[in-house]
1. Grab the DSSP H runs of the chain that are 4 residues or longer, score each as -39,500 (n - 2.57), total them, divide by all residues and round the 222 nm result to the nearest 500 deg cm²/dmol.
2. Can you check what the net charge comes to around I35, using other residues whose Cβ is under 13 Å from the Cβ of I35 (Lys, Arg +1; Asp, Glu -1)?
3. About its Cα centre, what dipole magnitude does the range 104-179 give when the only charges are +1 on Lys and Arg Cβ and -1 on Asp and Glu Cβ, stated in debye to the nearest 20?
4. Roughly what % antiparallel, to the nearest 5, for the DSSP beta bridges in the chain?
5. Work from the charge dipole of the chain (Cβ charges, +1 for Lys and Arg, -1 for Asp and Glu, about the Cα centre) and give the residue of S73, T143, I103 farthest towards its positive end.
6. Any chance you could list the semi-axes, whole Å, largest first, of the equivalent ellipsoid that the Cα gyration tensor gives for the chain, using √(5λ)?
7. Full extension from D117 to D65: what is 0.36 nm times the residue separation minus their Cα-Cα distance, to one decimal in nm?
8. From the square roots a ≥ b ≥ c of the eigenvalues of the alpha-carbon gyration tensor of the range 61-120, which class results: rounded (a/c under 1.5), prolate (a/b over b/c), or oblate?
Amino acid sequence: MTPHGRKCATIWARLSAGRERVDAMHIKTITAGPIETNAFVVGDEASNEAIIIDAPPDSADRVLDAIRDDGYSVRMLVLTHSHFDHVIDAARIKQEAGAPLAIHEDAMVQLRQVIQDGQAPYSVDDIGPDQYLNEGDEIAVGTLRFKVMHTPGHAPGQISLYEEQEQVMFGGDTLFPGGYGRADWPGSSMGETRETMRKLLELPDSVTVYPGHGLPAQIGNERSWMTEFVDKGSG
Ligand SMILES: [Zn+2]
Ligand SMILES: [Zn+2]
C-alpha cells in the first residue's frame, strides 16, 4: 500500500468508527407520469438500505431498476400524499421491492377515492397501507434518520421527510422554488398551508427541499416570501 493509500484507509476507518459520515446519502430522482412527478430512491451507502418516496404513474420500472442496480434492500415505500400522480405505481413497487407501504392516516380518504375512481388511463390496485406515519416518527434507513413532519395544506395528511444530519427534506408538493403547493383543490387548505410554511421556517437556511415536481428549493432562498406569506396571515 502506498503511503497515500494508507492515509486514506486510516481516515476511512476513523470515519466508519465514529458518527461522522461522508456522502452517506445517495439520491436518485425518477421523474414520470403526465405531470412529471418525482419519485426518489434514497440510499444509505454504508448499509445499502434505501427508502422510496412516492410512486408516480409509469415510474415502477425505473424505480425498481435503480434498486436492483445499486443492490439496495428497501426499508419502506412512503407516499407523501395521495394525489393520483404520486400513488399510481405504488402497488407494483411495494410488491416487487418487498417493502411496507406507509402514509399519513389523514391521506386515506383521498387515497380510497383514487383507488375507487381510478384516473384514466390509469387504475390503482388496492394499496392498503402497512403502516401509518405521524408527526415526529423517525424512519431509520441504515445510518440515515428521516423525521416525519406533518405538512398539510396542499393535501390532507401530506407529510415531509427530514434528514437533519444531511440537511435534506423530501416534501412532496409542500414547497417549491418560489412557491407552495396549490391550495385550491378539494381537500386543500390555505390556512393549513400557512401553518405548514410557518413550521418550515424553523428549518435552517441550508436545508435542501426535494419537491414532488421540478428542481429542489433551498430554505434560505425561499425564506423571504415564506415569511411575508406567514406574516400576512397573522396580520
Ligand atoms: Zn399533489
Ligand atoms: Zn404532485
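Read-outs: derived from the displayed coordinates by stated rules, not from any lab. Just so you know, these numbers come straight off a predicted model, no measurement behind them. Glycine also receives a Cβ, built like all others from the backbone with ideal geometry; neighbour counts cover every protein chain displayed.
1. Mean residue ellipticity at 222 nm (helix-derived): -9500 deg cm²/dmol.
2. -4
3. 140 debye
4. Antiparallel bridges make up about 70 percent of those DSSP assigns within the chain.
5. Final value for the positive-end residue is T143.
6. 31, 24, 14
7. This chain segment gains 15.8 nm when fully extended.
8. Cα axes put the range 61-120 in the prolate bin.
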